[in-house]
Every structure is written in structure tokens, then in C-alpha cells.
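Values in this text are rule-based calculations from the coordinates and carry no lab data. From a predicted model like this one, the values you see are computed outputs, not experimental measurements. No Cβ is skipped: glycine too gets one built from the backbone with ideal geometry, and neighbour counts run over all protein chains shown.
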Amino acid sequence: MSSPLTKRALLLGTATALLLSAAHLPAQAQGRAKDTLVIGMTLEPPGLDPTAGAASAIAEVVLYNVFETLTRIGADGRPQPLLAERWEVSPDLKTFTFKLRRGVKFHNGEPLDAAAVKFSFERAAGEKSTNKDKRLFSNIAFIGTPEADTVVIGLKTIEPDFLFLIGQATAIIVEPKSAASNATQPVGSGPYRLEHWAKGASITLARWDGHRNAAAVKTRRVSFRFISEPAAQVAALLAGDVDAFPRVAAARSLAQFKADKRFQVIVAGSRAKTILAINNKKAPLNDVRVRRAIAAAIDRKAIIEAAADGFGVPIGSHYVPGALGYVDTTGLNPYNPDKARALLKEAGVALPLELTLKLPPPPYARQGGEAIVAQLAKVGIRAKIENIEWAQWLSGVYGSKAYDLTLISHVEPFDLGNFAKPGYYWGYESAEFNKLFEQISNAPRESERARLLGDAQRLIARDAVAAWLYQPQWITVAKRQVKGLWTDMPIFVNDVAGLSVE
């Protein structure tokens, strides 16, 4: 496993009450029972089945709450037992034997046993699968179920992060008869069930008393409220309408929250990569010189200020500090407008070069997009902004590859394999990278794997597959009484069962 994320929690100090006093909070906020919780989210998920869609907002609602996985990722980034009580790994690192918890049931009363695990993973690898991690499940050579509580999984090639990856939302264990309707009527084995979905406003989960640990779950009901505008997010927190807002776009208001003893502020590390994705299939972007010119035209530090109010670390490839084998590649395509102009001239590009920049709704994209347009204009690239909704991004950009440029955060920790994935949305095809990634996947020694991971980072940086911008640092603002919030965020998840309000 990679080393734990660097923790940076900002503790609130003593402060004067510069903001709204508790006396002015709405009656509903004052009277809310301590066993209920309202969590703010920037984006509404398009559905509730994480095996059928790429949106990270799905996992923010359902992972570990409605659906469960064999392993669970902790805040330190390490896999822990969940549905699997324990496991053994063969000496060749290709065979995993899991012992399941006995007596676990799905919300509909069906047993969660070895057969359900086998069904879930075979479904994820199937021909009709739309699972974004289908490559992971396609690497499974066999699934044995010698007993109802025993699952034996054999891999075709070594996957050193397998225990982590099967703790992510794409590896949820589903109930076979209800799997097809999970997007709207999810049936899992987690401590919560879907109670109500008010489209465009909120999703409410209610505690499931049939869960094996129901007595230990302190929060009876949780509502996820969708608030996309940064100013509205801040207002909801100040008004007491939201108890906690992980990954809030409130960097410009941090001084206010830090000065108000009603709140706690956490700045968490991440494994996310915010990038300017480039369609490698479209001319003239299929010319590496043009892609390098785009990268050279962008001042990463200025983008971090514009998009993330300074809460980010510059990166030069699809990997972040703290991860196994990280190398600093920011010097391979540094900010150099003169070089950008020279590369465009060398590539024979007639200026101005007209491109589209499609921006999804999150504030980092909309704010950062404006800054990128201004920087590209200085080297003769005229990027036209198209603000699109998340569903349009998923279908048009991610699905149909109908774009030139897009600004997006990839939040999955171990997703270098996407550069070896045929038909992925940025259209990169490299036999050299494919060979290198195969070597990474089959390297039994961590030191060898780290060296190869460094080579992979340098290769995609040299190929300028994207213009890598920064590793985000996520901000959580919550009422001081909320306990159990993560201080690091290796994955996007709101583990409600671990939260309480004192």
C-alpha cells in the first residue's frame, strides 16, 4: 500500500462572534434531534448504482452507507475488514481467500454469501458491464466458492492494490435479483436504506434496524443536500441548515469559519488530480507538440489560486505526492509561454487556434476555466468556454468524447491504468505505456514497482496526454458538535455510521 496521506487539520481557535448568532438560526436547525444529520454536497448523483456510472457523487451517498464491500478504506488509506472478516494472500500474490462475515443479509432479507460476491464481480466484468473499473474485474481469472462464507479469487496478473480497489464503490456487493434497479431503488447490506430522493434537492437515508451493527449506529437519519454555488454553501452552513459540508467550496470564507467557535475546519490531503484533459484523437491535439504547447502555456500556481484559492499542490503527471513511487514531473512541461508559441509554430498551427473548453459545474472547474482561457489566449489559443451540467459531461465528454479540452478532477487514488484502457475519454494510445503498465502489474517487489511507476509518470508527462494542474486539498466545514469526520480523504465517501452529533 501507499504511505498514508499527509494530515493537515486546522483546529478552530477562540474567536469573536462575527457571524450569525445561534439565536438567529432557523427553528428547524435549533430543534433538530441529535440523531439526525444534514450533509452538504456540491453535486447530485445521476443515480445510486456506483457500478453503472462514473460520477464520484454516487459513492459520496451510498458507499458504506447503503452498499458494502469486502474491504473498507479507512481515512489513512489502508484497507480494513468489512464484509470480509479476514483474508489470506498466496505467495505469488495472485490468489486471495476471503472469509465472509456470517449471517449478513441484504435489505430485502436475502443472504449476502459467497454466491452474491461471485455474482457481483462477474457482473462487473461482464460484456454488458458499464463499471468504470471493469478492467480490474476483467483481471479475475476465477472465483471459487467452496463454502457459503468463503470466496477464493484468482487474478490473471498481480494487482498490488487489489485489497484497496475492492474497497471502492465500484466493488460493492449487490443482491442478484435487485441489482438491475439499484440506480433508483438500491438494495444493499449497509446500515442505511434509501428513504426519499427529492430530485434536484436532497437524498435522505434512514437507519436500517436489520443491520448487524444497527445498535452502534448513532445517526438515525441523514439527508444529503445538494448545493452547487459556493456562496450558497457558505450561507447554508452559517444558517445552520447544514451540519457538515465535506469538500466545500468555502476557501474564501475560511477566516470567518475559523473565527466562529460554532464551527470546525479540516483541510484534508487527497489522492485527486485536477487536470486539463485533452482529446488526443482530435487534430491538431493529436500532435504532441500542440499538447506540450498547451501545457507550457499554463501557470499551475496561478490556476491553483483561481480554481482552489491556493489549496493545492502542483503536479506534472497523473500521480500525487505521498503515493508509492511518486516523482516530481512538474519540470518536464514547465510554464513557458515563449516555448508554447514556438511549439505551435513548429507544429504548423495557424493562429489563433480555436478550441472549446467544456466545464462541468463544480466551482473549481468554472473558476479555473476562466483563468485557463486567459492564459491560453496569450499564446494564440482561443478557447471558448461551454458550461455544461454534470450529466452532459458524463454523456458528451466522458461517453462520446465530444470535446477539445475539459477541466476535471480525477479522485480515484489508483487510476494510472486508465492510460492503458482502450477507448478512454482522452483517447491516448501507447504501446510503450501498455507494456510498462503490464510490468507494473506483475512486479512482486515494492521497490521495483515504485521504479516502474516513476517511469510511467515520466512517459505520460512527456507525451503531454493532459495538462496536469494540481493535487487538491479538500476543505470540510462542520458544526463543532459533529464527531467522526475524516481528516484525510483517500477516497470520496461520507461514512455516516461513523458520525455522531454531541
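Could you give me D for region 67-179, from Stokes-Einstein at 4 °C and 1.567 mPa s, where the hydrodynamic radius is the Kirkwood radius over C-alpha pairs? Units µm² s⁻¹, please.
In µm²/s, the coefficient is 92.
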Given all pairs of distinct Cα atoms, region 241-363 yields a Kirkwood Rh in Å of 17.3 Å
For an R0 of 45 angstrom, estimate the FRET efficiency from the Cβ-Cβ distance between LYS261 and ALA198 and round to the nearest 0.05.
0.85
Residues whose built amide H sits under 5 Å from the amide H of VAL265, excluding neighbours closer than 5 in sequence, are LEU12
Just tell me which aspartates and glutamates come within less than 13 Å, Cα to Cα, of LYS384; anything on the same chain fewer than 8 places away is out.
GLU354, GLU370, ASP404
With +1 on each Lys and Arg Cβ and -1 on each Asp and Glu Cβ, how big is the dipole of the chain about its Cα centre, in debye rounded to the nearest 20?
600 debye
Measure up LYS118/LYS401; LYS273/LYS435; LYS132/LYS345; LYS105/LYS273 against 27 Å on the Cα-Cα distance and list the ones that go over.
LYS118/LYS401; LYS132/LYS345; LYS105/LYS273
Convex hull of region 273-472 built on C-alpha atoms - directionally averaged projected area, nm²:
10.2 nm²
Scan around ALA259 for amide H atoms under 5 Å from its own, H built in the peptide plane at 1.01 Å from N, and keep only partners 5 or more places away or cross-chain.
none
Under the 7 Å Cα-to-Cβ spin-label approximation, ALA283 and THR95 lie apart by a distance in nanometres of 5.4 nm
Could you state, as a whole-number percent, how many of the C-alpha pairs of the chain are farther apart than 32 Å?
43 percent
Karplus (6.51, -1.76, 1.60) ³J(HN,Hα), θ = phi - 60°, over region 287-297, in Hz, Gly and Pro reported as x:
8, 4, 5, 5, 5, 5, 5, 4, 4, 5, 7
Efficiency by 1/(1 + (r/R0)^6): what FRET value for LEU351 and ASN387, r their Cβ-Cβ distance, R0 = 22 Å, to the nearest 0.05?
0.30
Long-range HN-HN contacts of ASN336 with modeled amide H, under 5 Å:
ALA297, ILE298
Identify all aspartates and glutamates with a Cα-Cα distance to LYS156 below 12 Å; exclude those on the same chain that are fewer than 8 residues away in sequence.
ASP92, GLU438
Quick check on the chain: helices-only [θ] at 222 nm, where DSSP H runs of length 4 and up contribute -39,500 (n - 2.57) each and the sum goes over total residues. Nearest 500, please.
-6500 deg cm²/dmol
Arranged from highest to lowest average of other beta-carbon atoms within 10 Å per residue, in what order do the peptides 37-49, 229-241 appear?
37-49, 229-241
Excluding residues fewer than 8 positions from LYS258 in its own chain, the lysines with Cα under 23 Å of it are LYS7, LYS479, LYS483
Relative packing of peptides 186-196, 324-334 - highest average C-beta neighbours within 10 Å first
186-196, 324-334
Hey, what's the per residue convex hull volume over the C-alpha atoms of region 241-295, in cubic angstrom?
146 Å³
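Could you list the trypsin sites (Lys or Arg not before Pro) in region 370-422 that lie in coil according to DSSP, counting only those with at most 15 other Cβ atoms within 10 Å of their Cβ?
Taking region 370-422 and a limit of 15 other Cβ atoms within 10 Å, the loop trypsin sites (Lys or Arg not before Pro) found are LYS378.
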Volume per residue that the Cα convex hull of region 369-478 spans, once the total is divided by residue count, Å³
162 Å³
SER500-LYS105 FRET efficiency (beta carbon distance; Förster radius 30 Å; 0.05 resolution):
0.75
Kirkwood Rh over alpha-carbon pairs of region 173-266, then Stokes-Einstein at 20 °C and 1.002 mPa s: what D in µm² s⁻¹, rounded to an integer?
137 µm²/s
